[in-house]
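Following: one structure in C-alpha cells, then a few remarks.
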Amino acid sequence: MSVRVELEKLLEVAAGFGTVPMLLTSDADGRPRASAVQVGWDGATVRVRAGRKSVANAAARPLVSLLWPAPPGERFALLVDGTATATEPDDDPRTGGFVTVEATTGILHVVDRPHAEAAPLADGAGPG
C-alpha cells in the first residue's frame, strides 16, 4: 500500500522521519546504487551532498529516487522520485559534490506487510 504525498508537503513529511536518506541512482551497466546522503530543501527541490560516483551517475542518468527508510517501529518509508542535475563540485575531498533533485512524485510506502510474514518460505530460502 502506498499513500501519495503532495509535493508541497514533502519537506514537512521528510523532516519527521529522523532516518538518513539514501540517493538511488544507476551505474552505467544499469546496476542500482544506494548512497547515504545529506539533503537540504527548497520547496519541492532537494539539494543533495553526495559522493563522486553518485554525482556522476546522476549527471549521466538523471532519473533518481530518494528513500527515507522507515524509522524503527514505524510503518512507512518515504520514496521521492525526481530528475537530477549535477551541480557544482564540493570543496570537501571526501565527497563528489552536489546534486539538485526536482521532485516529481512522493509516496509513503508501507514496509510492515503482515501477509509477507505469513507466507511460507521455500525449503532452504531465507536466513540461516
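Here, each number is a calculation from the coordinates, and none is a lab measurement. What you are looking at is a predicted structure, and each value in this text was computed from that prediction instead of being measured. Methodologically, a virtual Cβ is constructed for each residue, glycine included, from the backbone with ideal geometry; neighbour enumeration extends over all protein chains shown.
General remarks:
- If the segment from residue 34 to residue 83 were pulled out straight at 0.36 nm per residue, it would be longer than the present Cα-Cα gap by 16.0 nm.
- A Förster radius of 25 Å combined with the Cβ-Cβ distance from residue 8 to residue 112 puts the calculated FRET efficiency at roughly 0.35.
- Net lengthening on full extension, residue 27/residue 63 (0.36 nm per residue, minus Cα-Cα): 11.8 nm
- Spin-label pair residue 45/residue 17, simplified geometry with 7 Å Cα→Cβ offset, distance in nm: 2.1 nm
- Here the calculated FRET efficiency for residue 104 and residue 1, from their Cβ-Cβ distance with R0 = 25 Å, stands at 0.75, rounded to the nearest 0.05.
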